[in-house]
Amino acid sequence: LEPQAQALPREAVTLDALIDALDVSSTQARHMRIERALAVPQLQATPVLIASALRNLVENAVRYGHEGGRIRITSAPLPGGGVQLAVRDDGPGVPPDQRARLGERFFRVLGTGQPGSGLGLSIVARIAALHGATLRFEEGLEGRGLGVVLDFPAG
């Protein structure tokens, strides 16, 4: 994921297929549901990188969510032809004053009691940057949890 000398190859990536290929054993073990609402079925991207980003986002939602929780993956058109891809959960969330640091390498919200290196969201941030996408963090489902939103430009 370090700087590339050439442009990354992009192709139409079917979002349903990416979601279907996720390892959902951890969601099943915690009795969590993955919902999808895909208004845009495809995204122009590098398949292996978008799969990695989506996997990281779902794994984080499972790790920091709650037993029996929900994870919703959505896609929507953006003005000008871009695509918004979002993963939201209904877990405890992240305080707004700490959300800005979530994409930093090795940053972890204290007090979660969860193991990890703090690299998952920095990997997502780097994948977003390589695609020219913007990354932001907001509230999750029904005013709880965390929402991770990637806005991909057209093309």
query: What is the number of the single condition among (1) at pLDDT 95 or above; (2) part of a helix (DSSP H, G or I); (3) open to solvent by 20 Å² or more (accessible area, probe 1.4 Å); (4) touching a strand residue (DSSP E or B) at 6+ places or on another chain (Cβ under 9 Å) that Ala17 does not meet?
result: (4)
message: Just to check your reading of the model, which residue among Val40, Val58 is open to solvent by less than 20 Å² (accessible area, probe 1.4 Å), within 28 Å of Ala154 (Cβ to Cβ) and β-branched (Val, Ile, Thr)?
response: Val58
field: Residue tally, condition open to solvent by 10 Å² or more (accessible area, probe 1.4 Å) and touching a residue at least 40 places away in the same chain (Cβ under 8 Å), over segment 66-84
entry: 7
- prompt: Quick check: is even one residue across segment 142-149 open to solvent by 60 Å² or more (accessible area, probe 1.4 Å), assigned to a strand (DSSP E or B) and either under 18 Å from Arg55 (Cα atoms) or modelled with pLDDT of 65 or more (or both)?
  reply: no
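The values are calculated or read from the model by the stated rules, or taken from the named source; none is laboratory data. Computed from a predicted model, the values in this text were never measured in an experiment. For neighbour counting, all protein chains shown are included, and Cβ atoms are generated from backbone atoms with ideal geometry for every residue, glycine included. Note: areas computed on protein heavy atoms with side chains; ligands, DNA, RNA excluded. Shrake-Rupley method; radii C 1.70, N 1.55, O 1.52, S 1.80 Å.
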